[in-house]
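The values are calculated or read from the model by the stated rules, or taken from the named source; none is laboratory data. Here the structure is a predicted model, which means the values were calculated and not measured. Positions of Cβ are generated from backbone atoms using ideal geometry, with glycine treated the same way; all protein chains shown enter the neighbour counts.
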Amino acid sequence: MNKLKNWIRSNSYERSVKPEIKRTLAVIVFTIIYGIGVTWFLEASVIPMYTGGIPGLAQLFRDFMKFTLGWNTAGWEGLFLAMFIIITNIPIMLLGWFGVSKKFVIYSMLSVLIQATMLGFIPSINLGLSSESQALTATILGGILIGIGVGGALKYGTSTGGLDIIAQYISLKKGQSVGFISMVMNIIMAILGGLITAPDLINRGVLPGVTQTMAAAGIVISYTVLRLIITTIVTDRLHTAYQFTMVEIITDNPKDIVSDILSKIYRGVTLMDVQGGYSKQQKTLIKVIISSYEFTTLNQLVNRLDSKAFIIVTPVKHVYGNFKKRTIA
């Protein structure tokens, strides 16, 4: 027992094991949030909405088989969604393995398995959102939960897999917003989904007074696009990777902090001698530019070496010169 306690307090545990435990818990919790947003809100809505990504493609193919081909999918919808999510993610995981980060992909694989289980086998709960009048509520709440799931996972160096990995790959190479890239890739899905499900909505009289296919499709597309916009905003609020941040650290222990920044985060630093206006004590100001996703690591590093350090974080719009983007996880 004492050995276990000593190991938990050791530097190797703090630096190597504890961050991985946090990432594992993060991917489990945020994927469950994502799954709840899809299963209990989007899938429960009387107006079809698509989550985007690979699960959204699975929804799209399921509805194509049901409403366009006329197949009876009762009894095997859940298995189809689960298998589609897992199989379709395989080539995308290979792209992430070689183009993003191996750890990133490992955690994403865990997320994909949880997704497949939740969307395929966890029954939805009736939250009173099955009427047309509650479709907007389902859209907003579902969009928020999905955005929290996606953005929260990305913030901790993981993802919910699928098109998130493609978006992350493009973001790493081009420095563009992950949420925006995902929205662009998913917008076509919304259009196709609207065209596929519109005839069924008209036949069932779900939309009173709507008798034209294009009008019904437009309503489905509008709700899905609104959901995408909400998810994009929440994702970018939680996850700003590959946007840049200037961190200023005022400390009495610059030597160890600089050493760890250089050896663990691999960023260059600028040092300045400063004086406290009240205390008149000499201190050191450390300036470093990082990608925003690196801040959690930097903050933990500084607090461990100097718990009294003063840290200022400033968003940076552009960085020019010798600044290399890093893979995540």
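Report whether or not residue 35 is surrounded by 15 or more Cβ atoms within 10 Å (Cβ to Cβ), assigned by TED's automatic domain parsing to the domain that holds residue 206 and over 26 Å from residue 197 (Cβ atoms). Judged against the criteria, residue 35 is not a match. For residue 52, state whether it is closer than 27 Å to residue 149 by Cβ, surrounded by 16 or more Cβ atoms within 10 Å (Cβ to Cβ), modelled with pLDDT of 90 or more and not basic (Lys, Arg). So residue 52 fails the test.
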